[in-house]
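Accompanying notes for the structure given below.
Any read-out appearing in this document is the output of simple, stated calculations on the displayed coordinates, not a laboratory observation. Fair warning: this is a prediction, and the values are worked out from it, not measured in the lab. Cβ sites come from the backbone with ideal geometry, for glycine too, and all protein chains shown count toward neighbours.
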Amino acid sequence: MKAIQTNLEGCVIIEPTVFGDNRGHFFESFNEKLFNELTGTRTHFVQDNQSFSSRGVLRGLHAQAGEFAQAKLVRVLQGRVIDVAVDARRDSPTYGQHVAVELSAENNRQLFVPRGFLHGFVVLSETATFFYKCDNFYHKDAEWGVRFDDIDLSIDWQISHDELIISDKDQVLPAFAEAVK
């Protein structure tokens, strides 16, 4: 397993070592000790979540505030997505910047999204099964978010706007400048 630093401090791409032969392949998708060594954190995950979506579904940009903030380790079990993390930490030198990474069942990449980041993804394949670990439990009252098409963030979701399928809740989220907590 190896870690690839992104341009956002603490936000790391994890690539597993895949062992393949004529029977298929095997890889260790998570090892807490190795993960913490690679990321330089002491993250302990307490909850796993999974979603299934079709092409064009965009989920995000979401976060949890305050004591309920969550770090996430995200990956795709089936299909292909563009995964986005936005640094919403006011004291960060990369505040307001984002990273976009293609995650797929083929590349087996994972993205570690630290606490204080917004997160979202859009499905590029016909369908996708998205899986993520969280280091804190979900708390509805701490939920917040930012519009996916915020002009200041200028995220390239790599799919046309008219193909996007967005929840009613996500369509009315505020702009980044208005929402950051």
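Computed values, structure above
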| read-out | value |
| --- | --- |
| 20 Å reach of a label modelled at LYS33, 7 Å along Cα-to-Cβ, counting backbone N of region 1-20 | 1-3, 15-18 |
| Stretch gain in nm, segment GLU126-ARG42, where the contour uses 0.36 nm per residue and the Cα spacing is subtracted | 26.6 nm |
| Karplus-derived 3J(HN,Hα), 6.51/-1.76/1.60, for each residue of region 80-96, Hz, glycine and proline x | 8, 9, 9, 9, 10, 10, 10, 6, 10, 8, 3, 8, 8, x, 10, 3, x |
| Shape category assigned to the chain from the gyration tensor of Cα positions, a/c cut at 1.5 | oblate |
| Fewest-first ranking of PHE176, PHE117, PHE52, using other Cβ atoms within 10 Å as the exposure measure | PHE52, PHE176, PHE117 |
| Phi-based couplings in Hz for region 69-76 (Karplus 6.51, -1.76, 1.60; Gly and Pro marked x) | 3, 10, 8, 10, 10, 10, 7, 10 |
